[in-house]
Every structure is written in structure tokens, then in C-alpha cells.
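Taking it in order: structure first as C-alpha cells, then the write-up.
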Amino acid sequence: MESLDLLSQGFAVALMPVNLGFLVLGVVLGQVIGALPGIGPAAGMALLLPFTYSMEPVSGIIMLAGIMYGGMYGGTLTSVLVNVPGESSSLMTAVDGYQMARKGKAGAALTIAAIGSFAAGIAACTALVFVAPPLSEFALRFSAPEYFLLAALGISATASLGGSSAVKALLAAALGLMISQIGVDPISGIPRLTFGEARLLEGIDFLPVAIGVFGIAEVLASIERLGDMHPIRTKLRDMWLTADEWRRSRMSIVRGGFIGFFVGVMPGAGPTIASMMAYVAERKFSPKPEEFGKGAIDGIAAAESANNAASHSALAPMLALGIPGSSSTAVLLAALILLGIRPGPGLMTEQPDLVWGLMASMFIGNIVLLVINLPLAPVFASVLRIPYGYLAPGILAVSLFGAYSSTLSMYPVGIALLFGLVGWLMMKLDIPRAPLVLALVLAPLLESSLRQSLLLSLGSPMIFLERPISAILSIALLASLVWPVVSVLCQRRRRGAA
Amino acid sequence: MLVLSVVITTDTLPQGMWQGFTPGPAFFPVLIAGFTAILAAQLLLKAWLGPAPEATDWPGIAVLRTIGLVYAGLLGFFFLTPVLGMIPAITLFLLTVMIGILRQPAVGSLIASAVTTVLIYVVFVLWLGLPLPKGFLGL
């Protein structure tokens, strides 16, 4: 009941005209950013993070979160109308959505995606209201060893669940940790890895790295597809669902929403994995599994419900523990730090207006997005008709100014350009970029909590096993590191048996 | 990554791994370097002894040239900003990329560049009040 009281206070905060204005701006920007191929929600949030400097923290966080889940809705447009996922979590939607669009059913695909995203989003917000407070209360018992293990688990889980090669993902995380070591040692104050360069004493800021790795790299990669953008037109009258389409999709939304919520809460497994898992699961439940890949509306319903539910539930570990589970929540966490707010279990009690205002804003934001995506979908689809040759340089220009604004010097612009190239190479070499960014955000917590733990135990690593919560987290960390090896061995054995 | 591991270890190790009962400034960087070296060596061994990896999906020469030119444009902006000022440099970058590299129609590019520049000016200078670097033109 206390949660409901706090939520009603949150609504009072979210409904303040200024916050409501930034909420609408955030979800509209998220919708557009999600729809633009080559720039995902994390990139959009990183690019627009400097705009929050002049805002109240609540307004800034509400706007950035709006971009995060607005991007989930927007990604559907490009997937269905162009067959290019607007962002990675819309990949499964592109598989069936474009096939439906080719059959003249683009409107139905967009409608079921919007309804599924809305229903799952609202359900995930409701669950978040009841999950986050007890999680946060439980986390108040955490001390340095638990924080070290939790941060390490956040990084290793992203790597082991991140698809492609787990070793490559862990190497990306290691690169993020290495970059974080440049600057001054947080305990002794001794310069590390500065090579006599005074500017490196401050370390390498998260923002230019995120702008480079996500924003600039994604635009460079999308230049490759410059000629492939030919959107299918859709009209408002095509948006109605038939009774059969609704019957086929309603339980898919429920199943997708459940899968999305639970996958999203897990550190490291974001909306992309959630949508893939929901799509695969739905194929097993579907009365017509042979239609999957050829325009199955239940596949779209499940994938879209799952990605939006996961984008909301990923906020649970971020708000309750201060541990981001995805690249978007990593940017949100960085935004909190830049706005002078200390993340962690104390956040819910120290900043109730911010946390509950954010949660309440997500209910309102989902309603705004439903309106945008049902009657206004054809209007937003017209964004896709602007030639990408005009949009790409504009996005790059905003990236450069965003990087400049972090310290008002050209130095972060140079860092963003360098990491733009690094990010593009990572994309080409199939190295996930999220672990790099997550590691960069979590590195200060990781190092300080590790050294504090060893200080407490007088150098004994047994401190990570002696405490019950630490012992469980140690086992989970070990499992997340061993799991990729086990899964590769199992695959080899299966291939050998076949 | 192996080279980076060696650089980090050699640069930080003299600062001390351990001080009395507590880890020193080199403890965490060396730990990361060791972890990275193991991962990099594993990947190297796999590439050497294992089956040939799937070919990387590199774009064709023409697309690679376009990406290279856009990146050169970004570097041009970086080096020209102290001379021209940030706003003139970004306008030049936008026009060069749209017309010269991505081969967009000139009229559309002029409009898109003007809209983008004005938008940037309104947001970063008028709204956020950021002092942008000015060049010899005073802009």
C-alpha cells in the first residue's frame, strides 16, 4: 500500500506541466530515434544527455527514460515498413512485420505492435512499482563485497548473454575497464596511465565514449545501407485489426510481456534478448508455427510486448541497486551521476520524487506512445521518407556538439571521434559494444568496492565467500563466467552426435 | 589487447600492487591487464588452432571510401574549428558531406544544412548558453 501512496505522489510530480512537457518531448524523440535506422535509444539518450544539464534532475531523467522506451515503439515502424530494424530489439519484428507489409497488412502489424507494447509496458510499470522497493530495501544490507560482486556480475552477465562470442564480449568489457583506469587513483591520488599528459588526469569521461561508440559508429555503419531505404506506405484506415488477428495475438501479448519482464530484470539481458526469447517461445505456442518468418502476427505481438516490458523492468536493478543491466540503463545511470545524484539502494529513500516521478511518468508515457502509434503512425512513418543522406550528417553534427558540451572543450570531441572509429570496427568485427560502456560506468564502483573489501578483510579474498549474500553472488558470477564455456562444449557435443 | 595489457602492466606496476594489508594503485589495473591477456590469448589460440572464422562483413571499396571520406570530414571539423569557429566549421562539414560525399541534391542539402545549423545554434547557444569556440570571422 505504501508503494501506491508513493506512486500517487509520483503522479503529482510527473503531471507537473514542466515534467509533462519533457515527458512528451522524450517519448516523441524516442519514437523518432527508434524509427531512424542506425541510431538506437542508447545512442539517442547519450546524444541528448547534455540537454539535461540545464534541467531539473527529475525532468531530465523523465525525458531520457521517455527516449528509452519510446525507442521500443519507434523501432517497429522501420522494421515493418523498411525491413531494417530501427534498433536491435526490433529485429524479430522485421522478420514477420515486413512480410505482413508486403501482403498489404502493414497497418495491422503496426497496430498489434503498438497494443502489445502498450499492454506489456503498463503491466511492467505496475510490476516495477511493487518489485523495486523490496529489492532496494534488501540491497540496503549490502556492503562493499556485495557491491563488487554485483557490479562484476552486471558486466559478466552482459558478456555471457550478449550473443556472438562471449570472449569477444568480455574483451569489450575489459577495454572499458582499461579506459576507466586512465586518470588519478581514487584512493591514493597517484596518476595512472596518464603518460605525462595533464588532460588525462581527469580520466576519460563516459559521455564522449558513449557518443562515439553508439552515435558516431552507428551513423558510419548505416551509411552502408544508404540506398536500401524504400519505405512501404501505410494509411490510417489500414490500422484496424480483424477479430481473427486479435484472437490470435492477445495471449501472445501476455506471454511476451511475462518473458520480457523477467528477462529485463536480469542483469545483462536487455530488450533484444527478451524479444528473441519471446519470439522463439511464441512459435512453440502458435497454432500456425509454419507462418513464422512469413508474416505471423502473433510473432510480432510477442516480440514487441517482450521488448517494451524488458525496457521497463531493466530499470528495477538500476533504481534499486544502482547496477545497470543494459546499455540504455547505463546511460540513464550516467545521467543520474552527471546530474549530481548518487545511485544505489539509498536512491529510493533519498530521492523519492525522482524515482516515483519517473515510475509514474512511464505510465503516462506509454499512453502518449499508444496515441502516437495508433492514429499518428502514418505521420511518424513519413519521417522515414526524409533521405538518410540529409539525416546522417545532421546526427553526426549533434554528436559533435553533444561531446563538446560535456566539458566545453574540443578534447572530448576528439575522444568521441576516436571511439566512433573504435565502435564502427567493433560492429564490423561482431564485438558487442554494450559491455564496453557498462564496464566504463561500473568501473569506479568495481574498483573502490574491491579495494574496500580487501581492506576490511586485511587482504583475504575469503570475504567474498564468508557472507551469505556474497557467497550466492560469487556462485552467480562464477556461473556467468563458466556458462559460455559450457554452452560451447554442449553445442560441440550435439554437433558431434549429429 | 595483448599489447594494451603489457602497456598497462609496465606503466602501473611500479606504483605498487600491495601496500601493507591493502591493495595499492597498481592492483586493479594489473588485475584487469591479466584478465585481458588471458582472454586475448584464448582468442588468438582459437583463431590459430581452430576452424577458420566466418569472414567479416566488410563493405565494398566504394562504400568504404564513402565512410572514410565522412570520417575525414569529421576530422576536418575537429581541426578547422579553432580556425573557423564551431558554427562555420559545422556548416562547412554538413555541406561537404551532403553534397560532396553523399551526393545529395544541392538545394535540398543547402536547406538541410541551414535547418541543422539553426537548430544547433538555438539549442546549444540560445537555450543551453554554451560558449562555442569562435574563429577569425568572429562567429
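Before moving on, here are some points about what is shown:
- For region A:97-226: rounded, prolate or oblate by the Cα gyration tensor [a/c cutoff 1.5]: oblate
- Sequence ranges A:253-266, B:99-112, ranked by mean other-Cβ count within 10 angstrom, highest first: A:253-266, B:99-112
- Taking a ≥ b ≥ c as the square roots of the Cα gyration tensor eigenvalues, region A:5-162 comes out prolate, since a/c reaches at least 1.5 and a/b is larger than b/c.
- Overall, the protein assembly as shown carries a charge dipole of about 1520 debye about its Cα centre when +1 sits on the Cβ of Lys and Arg and -1 on the Cβ of Asp and Glu, all other atoms neutral.
- Both radii come from the Cα set of region A:122-196: Rg as radius of gyration, Rh as Kirkwood radius; their ratio Rg/Rh reads 1.12.
- Of A:67, A:135, A:33, farthest towards positive along the dipole that unit charges on Lys, Arg, Asp, Glu beta carbons give region A:1-143: A:33
- Ranked by the mean number of other Cβ atoms within 10 Å of their residues, highest first, the peptides A:43-52, A:241-250 come out as A:43-52, A:241-250.
- Of the DSSP H helices in chain B, those whose Cα atoms cover at least 24 Å axially and whose Kyte score averages -0.5 or more: B:27-49, B:61-84
- Each Cα pair under 8 Å and six or more residues apart adds its sequence gap; the mean of these over the residue count of chain A is a relative contact order of 27 percent.
- Helices in chain A, meaning DSSP H runs of at least 4 residues, each add -39500 (n - 2.57). Divided by all residues, the mean residue ellipticity at 222 nm is -23500 deg cm²/dmol.
- In this label model, residue A:382 and residue B:13 are separated by 6.5 nm, measuring between points 7 Å along each Cα→Cβ vector.
- Relative compactness, chain A, computed as alpha-carbon Rg over 2.2 N^0.38 Å: 0.94
- For region A:1-38, the residues whose amide N sits under 13 Å from a probe point set 7 Å from the Cα of residue A:130 along the beta carbon direction are A:1-4.
- A simple spin-label model places pseudo-atoms 7 Å from Cα toward Cβ; at residue B:122 and residue B:75 they are separated by 3.5 nm.
- Calculated FRET value between residue B:21 and residue A:371, using beta carbons and R₀ = 56 Å, to 0.05: 0.35
- Alpha-carbon Debye profile of chain B, log10 I(q)/I(0) at 0.17 Å⁻¹: -0.90
- Across peptide B:9-20, the average count of Cβ atoms from other chains found within 10 Å of a residue's Cβ is 2.
- Lysine pairs meeting the criterion (Cα under 25 Å, 8 or more apart or interchain), as found in the protein assembly as shown: 13
- Per-residue average of Cβ from other chains inside 10 Å of A:175-187: 4
- The angle between the Cα long axis of helix A:144-161 and the longest principal axis of the Cα atoms of chain A comes to about 40 degrees, rounded to the nearest 10.
- Inter-label distance, residue A:462 to residue A:202: 4.6 nm, where each label sits 7 Å from its Cα along the C-beta direction.
- Rounded tilt (10° steps) of A:388-407 against the dominant C-alpha axis of chain A: 20 degrees
- Put simply, when B:19-30, A:189-200, A:355-366 are sorted by average Cβ atoms within 10 angstrom per residue, most first, you get A:355-366, B:19-30, A:189-200.
Every number here is computed from the coordinates shown, using simple stated rules; none is lab data. Just so it is clear, the model here is predicted, and its values are computed rather than measured. A quick note on method: Cβ atoms are made from the backbone with ideal geometry, for glycine too, and the neighbour counts reach across all protein chains shown.
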